[in-house]
1. Can you give the angle from 0 to 90° between the axis of helix 199-217 and the longest principal axis of the chain, with both taken from C-alpha atoms, to the nearest 10?
2. For the chain, what does -39500 (n - 2.57) per DSSP helix run (n ≥ 4), summed and divided by total residues, give at 222 nm, in deg cm²/dmol to the nearest 500?
3. Using a probe of 1.4 angstrom, how much of the accessible area of region 1-86 is carbon and sulfur, in percent?
4. Can you give the Kirkwood hydrodynamic radius for region 122-247, in Å, rounded to one decimal and based on Cα pairs?
5. Measure nothing but the geometry: give the 0 to 90° angle between the long axis through the Cα atoms of 64-77 and the longest principal axis through the Cα atoms of the chain, rounded to 10°.
6. For mean projected area of the Cα convex hull in nm², several values are listed as (1) 14.8; (2) 15.6; (3) 19.0; flag the one computed from this structure.
7. Counting only Cα, what are the radius of gyration and maximum Cα-Cα distance Dmax of region 1-89, in Å?
8. Compute the angle between helix 140-151 and the longest alpha-carbon principal axis of the chain, please, reported from 0 to 90 degrees and rounded to the nearest 10.
Amino acid sequence: MKFDVLTLFPAMFESPFSGSILGKAVEKGLIQVEAHNLREWAEGRHQVTDDAPYGGGDGMVMKPEPVTRALGDLKRSRPEAKTLLMTPQGMPFRQRDAVALSGGSSLILVCGRYEGFDERVRDLVDAEYSIGDFVLTGGELPAMVVIDAVARLVPGVLGGCCSAEADSFSDGLLEHPHYTRPVEFNGRRVPDVLLSGNHGEIARWRRREQLRRTLQRRPELLDAAPLSEADREILKALRREQTQGES
């Protein structure tokens with residue numbers, strides 16, 4: 001899968017994933033990440049990519065012409081590529097978006113700076129994404145987040161074939177707790193069920209704890225999660241425990 005990034009600071013992408021799982025995926029040819037300097041599509045000796053806003057106000061606005069020319073060139077070589085705009089005004093980026101995007105072969109991520117883009121740039125993209133209700137100095141870090149979330153779903157990138165399927169949010173819920181050696185640490189012991197070798201009981205424990213953790217930390221996720229009748233019965237019992245604990 002190919003990731004093209006349009007940015008004023010391509011040096012940020014020279015080795016952001018080196019030494020990581022994604023770095024190994026690049027070495028194996030499973031993914032490609034290429035940053036393009038937006039100034040290469042700007043005009044004039046100074047390659048200006050921003051200008052003062054109409055109507056006045058603080059800050060500078062990124063001009064539409066360089067972005068238009070850059071996207072035109074990139075789309076000619078990869079017409080199937082989806083174009084994403086990184087902006088705090090975008091839709092919240094979710095795991096389901098990562099899953100959907102991982103099914104393609106190419107993404108173009110456009111990173112903003114300053115006060116953002118001329119509004120007409122929005123006509124050129126397929127989607128706008130935000131990684132949270134906060135503002136950063138640019139779209140480069142959000143682009144890296146999206147690349148990481150999508151690339152890890154590309155077949156062969158993660159070690160285990162099912163590694164991504166059990167992640168938090170993959171089924172609409174948070175993930176269950178994990179334990180490894182030693183059996184006891186700082187007075188806390190690994191739950192006996194995980195040492196039992198009974199795979200059926202382990203699966204039931206993990207599902208219950210997955211529901212418990214979601215109820216405690218992100219209860220709003222339960223409204224949209226695909227829950228079975230057994231899940232709903234577990235939640236009733238967990239809510240009773242919660243109520244008894246508060247009384």
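The values are calculated or read from the model by the stated rules, or taken from the named source; none is laboratory data. Quick caveat: nothing in here was measured; it's all calculated off a predicted structure. Backbone-built Cβ (ideal geometry, glycine too); neighbour counts: all protein chains shown. When the accessible area is computed, the model is the full protein with side chains, heavy atoms only, and any ligands, DNA or RNA have been set aside. Shrake-Rupley method; radii C 1.70, N 1.55, O 1.52, S 1.80 Å.
1. That helix lies at roughly 60 degrees to the long axis.
2. -10500 deg cm²/dmol
3. The C+S portion of the solvent-accessible surface of region 1-86 is 50 percent.
4. It works out to 17.9 Å.
5. The angle comes out near 70 degrees.
6. (3)
7. 15.6, 50
8. 50 degrees
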